[in-house]
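Rule-based calculations on the coordinates, nothing more; no lab input. The structure presented is a predicted model; accordingly, all values stated were derived computationally and were not measured. Cβ placement follows ideal geometry from the backbone for every residue including glycine, while neighbour counts extend to all protein chains displayed.
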Amino acid sequence: MGSNQDIMHNFARQEINRFFSTYDGWTITPMPEAGGYDREFVAERIISGNRESKKVLVSFEKCVNKEKIEGLRSRVTGPYGQVQQSEVLVIVPQNSDTACVPPDVRLSYMNSFSFEGDELAWTKKPIQKSGDEKAKSKVEA
């Protein structure tokens with residue numbers, strides 16, 4: 001079971017990299033694990049002398065946990081006493097119940113996972129046919 005969790009988190013990391021590219025100066029740091037498959041990350045960069053910080057929740061649950069979102073939305077005091085408020089991004093599988101996600105929280109759906117009923121399923125990429133296979137399928141039709 002542990003190896004499945006690592007694979008799922010690798011896919012979650014790929015989803016985060018779609019939004020926060022290292023080429024744009026983003027550094028992605030995982031927050032301490034609270035247990036379960038859900039993971040929290042902090043994406044930070046310094047741009048024009050200002051620190052930009054985003055908190056990311058990757059949830060594999062059918063219904064997103066509202067308490068986790070509220071925990072991420074809390075304000076953080078910086079090293080010099082300044083109050084920092086981060087933007088929150090929630091990444092969930094396709095067909096998840098997102099009714100409890102507040103409207104000011106950015107929401108995105110994973111390309112890798114979706115819910116089929118109540119079951120979490122890995123969404124595979126469609127197989128692309130090569131030129132020879134396309135020609136053969138046209139001839140057979």
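How much length, in nm to one decimal, is gained on full extension between T22 and S74, taken as 0.36 nm per residue of separation minus their Cα-Cα distance?
Value of the extension gain: 16.2 nm.
Would you mind counting up the charge near I16? Only other residues with Cβ under 10 Å from its Cβ, with Lys and Arg at +1 and Asp and Glu at -1.
Here the charged neighbours net out to +3.
Can you tally the net charge around D118? Count Lys and Arg as +1, Asp and Glu as -1, for every other residue whose Cβ sits under 12 Å from the Cβ of D118.
Net local charge, D118 excluded: -3.
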